[in-house]
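Readers should treat all values here as calculations from the given coordinates under stated rules, not as data from a laboratory. Note that the structure is a prediction, hence the values are computed from the model and not measured. Cβ: placed from backbone, ideal geometry, glycine included. Neighbour counts: every protein chain shown.
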Amino acid sequence: MARKDPQVDPADLKRTRRDWIESAAYLKAERFEVAGALFDCKENELVAESEVKKRLANYKGGV
């Protein structure tokens, strides 16, 4: 029987701070906005996409 790997939810995609900054276009944001939103994350810390989007919305002035 073939074993199925569990599907990874794209919202739980984890990347480092630098990777998120470099892929700012994917988030429809500028690099400086992503950098500002993730200013308190360590360089090698993995951050989930859902967390990045939440921080980015707060950084841009969202509630």
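A few remarks follow.
- Global geometry of the stretch 11-59, whether rounded, prolate or oblate, following the gyration tensor of its Cα atoms and the 1.5 cut on a/c: rounded
- Along the stretch 27-40 the Karplus relation, 6.51 cos²θ - 1.76 cosθ + 1.60 evaluated at θ = phi - 60°, assigns HN-Hα couplings of 8, 6, 9, 7, 4, 5, 5, 5, 4, x, 5, 9, 4, 9 Hz to successive residues, with x for each Gly and Pro.
- The stretch 11-59, dipole about Cα centre (Lys/Arg Cβ +1, Asp/Glu Cβ -1), debye to the nearest 20: 60
- Spacing of the two label points (7 Å from each Cα toward its C-beta) at Y26 and D40, in nm: 2.4
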